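Asker: Have a look at this one.
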Amino acid sequence: MSVIVRAEHVLTMGTAGDVRDGAVAFDGDRIVDVGPWAEVAARRPDATVVGDEHGVITPGFVNCHNHLSEALICGMASDMTLWEWGQRLIVPVGLVLDRELAYLGTRVKAAEMLLCGVTCVNDMFCYDNYGAQATLGVVDALEELGLRAVESLGAGDVEFGGTGRADHTVMDLIFAEHEALADRCSSSPLVTFRYGIATVLAQTPELFATGIKRAAEEGWAVHTHIAEVREELTSCRVQHGMNTLELSHRHGLLDLELIAAHCVWVNETDIGLLAARDVKVAHNPVANRILASGVCPVPRLRREGVTVGIGTDGAASNDSNNMLEAVKMAALVQKLHHLDATRMSASDALRMATIDGARALALDHEIGSLEVGKKADIVRFSGLGPGLANIHDPYERLVYCASPRDVADVWVDGAQRVADGELVGADLRRLVLDSKPAAVELVTRAGLGELSVLARTAEARP
Ligand SMILES: [Zn+2]
């Protein structure tokens, strides 16, 4: 039987634009009708109705860049620079992460994302304990919580900030995990696979070249980071005589379907190259500010026709997975940086968080807008709380005023995952309680107890 979701404003992010007193109907996993409430209701008198004449409906948000490998280490070492943070936190944690810890951490972060209206996440799991095949634990958790995702292993065989020589045993383990993940995703209803390259500099030339060749042969799309911080460009120029984007181009990476996180440190030539090769960019405004990486020239990229989506980035470099915060920040960063309040509008930010994000993942034929035939990935924001009371402009109200508290109902693939602001099908309290000993176990194994009050307290207990 059909379900009709109703609100004061339906922001379709498609050709229908903003439908006042609108409704979206879906049957199973597909949207079957979008239009004025009275007309949709008349066409489907037997449908179940959710919502009322208040609030806003949007397509589910697409979180274009995340690291669920950081799910259990939020709010640690956040005041370090990116390279210190990488060496002191991410490297030791990456050596001891395993499938069970990946599963327990992902469950909490998947819940956090659903509760703020994310219905699809592009994740890159970064770690170095390759034999553990931890990415499979991520897929298990994503499926359990019912979050749509694109999963990749952010592989690297060079220690953070180092150089390193190819080790074929490590390379074999890395490719074994890529293959196991691709295989696992091929039978998943919600999770698809991408080939992951942590960063150009995190890979030996052998791994980098072999991976690109393999991705081209298999038709794998790719997820990587490019031009995040100035140190990356300096280091790459010293090692290779060119920046990371040029090096990626030289090796054929830009010929593949590619989403590159950040692209903060790009010059005019780089922007031309991104546009010419149709490289998609995942912009992470909160993480860029926490790590003081710089400001991505988003308006300039978009003017040149580059598709830019918004990501939260990893839970340890943001340090939350609150997508609404990232969407608001995407607009605010440009306004402040250019000292120009017109530099990015709320509707542009919302577009980037939905249809452009879907385009950035080559999923726009299925998700990203509310249109007949697309997947039923739908978010209803209540209009009966302080966040969305008195909607003068639905785009501005949503981007600048809404918080996760306003997210009332979320459907992914037609299945309700949030109802009346509560997670459906999973006990949030249980997920959180299960994650605490896992977080203690992880930081203790990594030898990082001194950075964690939680671990020190657990250790002091008899
Ligand atoms: Zn990242």
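Asker: So, in nm, how far is label Glu206 from label His240 when the simple model puts each one 7 Å beyond its Cα toward the Cβ?
Answerer: So the two model labels end up 1.8 nm from each other.
Asker: With everything on Cα atoms, drop me the angle between helix 428-445 and the longest principal axis of the chain, reported from 0 to 90° to the nearest 10.
Answerer: Taking Cα atoms only, the helix is inclined about 10 degrees.
Asker: Name the residues whose placed amide hydrogens come within less than 5 Å of the amide hydrogen of Val118, ignoring near sequence neighbours (fewer than 5 apart) on the same chain.
Answerer: Phe61
Asker: For the chain, what does the accessible surface come to per residue with a 1.4 Å probe? Please give it in Å².
Answerer: Working: 17460 Å² over 462 residues.
I get 38 Å² per residue for this part.
Asker: Can you tell me the length gained on complete extension of the stretch Asp427 to Ala16, counting 0.36 nm per residue apart and subtracting the Cα distance? Don't skip to the end; give the middle numbers.
Answerer: Working: separation 411, 0.36 × 411 = 147.96 nm, distance 3.71 nm.
Using 0.36 nm per residue and subtracting the Cα-Cα distance, I get 144.3 nm.
Asker: Separate question: Considering only protein heavy atoms and a probe of 1.4 Å, how much of the accessible area of the chain is carbon and sulfur, as a whole percent? Walk me through the numbers before you get to the answer.
Answerer: Details: 8830 of 17460 Å².
About 51 percent, which is the carbon plus sulfur part of the accessible surface.
Asker: Based on the alpha-carbon gyration tensor of segment 1-65, what equivalent-ellipsoid semi-axes (square roots of 5 times the eigenvalues) come out, in whole Å, largest first? Numbers along the way, then the final one.
Answerer: Values: eigenvalues 72, 40, 22 Å².
Each semi-axis is the square root of five times an eigenvalue, giving 19, 14, 10 Å.
Asker: P(r) tail for segment 335-462, what percent of Cα pairs lie past 21 Å? Spell out each step's value before the answer.
Answerer: Numbers: 5087 of 8128 pairs.
Of all Cα-Cα pairs in segment 335-462, 63 percent lie more than 21 Å apart.
Asker: Separate question: Restricting attention to the alpha-carbon atoms of segment 162-287, what are Rg (one decimal) and Dmax (integer), both in Å?
Answerer: In Å, with Rg to one decimal and Dmax whole: 14.8, 45.
Asker: Same structure, new question: Based solely on its DSSP helices, what 222 nm [θ] is calculated for the chain when runs of n ≥ 4 H residues each add -39,500 (n - 2.57) and the sum is averaged over all residues, nearest 500 deg cm²/dmol?
Answerer: Values: 18 runs with 178 residues, N = 462.
The per-residue figure over the chain is -11500 deg cm²/dmol.
Asker: Can you give the three extents of the C-alpha atoms in segment 61-360 along their principal axes, from longest to shortest, in whole Å?
Answerer: For segment 61-360, the Cα extents along the three principal axes come out at 52, 45, 37 Å.
Asker: Whole-Hz Karplus ³J(HN,Hα) for segment 309-324, in order, using 6.51 cos²θ - 1.76 cosθ + 1.60 and θ = phi - 60°, x for Gly and Pro?
Answerer: x, 10, x, 7, 6, x, 5, 9, 10, 10, 10, 10, 10, 7, 5, 4
Asker: Same structure again: Amide H to amide H, which residues 5 or more places from Thr192 or on other chains are under 5 Å from it, using H placed in the peptide plane?
Answerer: For Thr192, whose amide H was placed from the backbone, the distant partners under 5 Å are Ala149, Val150, Glu151.
Asker: Return the equivalent ellipsoid semi-axes of segment 300-346 as a descending list in whole Å, where each equals the square root of 5 times an eigenvalue of the C-alpha gyration tensor.
Answerer: On the way: eigenvalues 88, 39, 15 Å².
Computed over segment 300-346, the values are 21, 14, 9 Å.
Asker: Report the Stokes-Einstein translational diffusion coefficient (µm² s⁻¹, integer) for segment 1-160, Rh taken as the Kirkwood radius over Cα pairs, at 25 °C with viscosity 0.890 mPa s. Mind showing how you got there, number by number?
Answerer: Details: Rh = 18.1 Å.
In µm²/s, the coefficient rounds to 136.
Asker: Which angle between 0 and 90 degrees, to the nearest 10, do you get for helix 230-240 versus the longest principal axis of the chain when only C-alpha atoms count?
Answerer: For helix 230-240, the angle is close to 50 degrees.
The values are calculated or read from the model by the stated rules, or taken from the named source; none is laboratory data. The model shown is predicted, which means the values in this text are computed figures rather than measured ones. Virtual Cβ from ideal backbone geometry, glycine too; neighbours counted across all protein chains shown. In case anyone asks, the SASA skips ligands and DNA or RNA and just uses the protein heavy atoms, side chains included. Shrake-Rupley method; radii C 1.70, N 1.55, O 1.52, S 1.80 Å.
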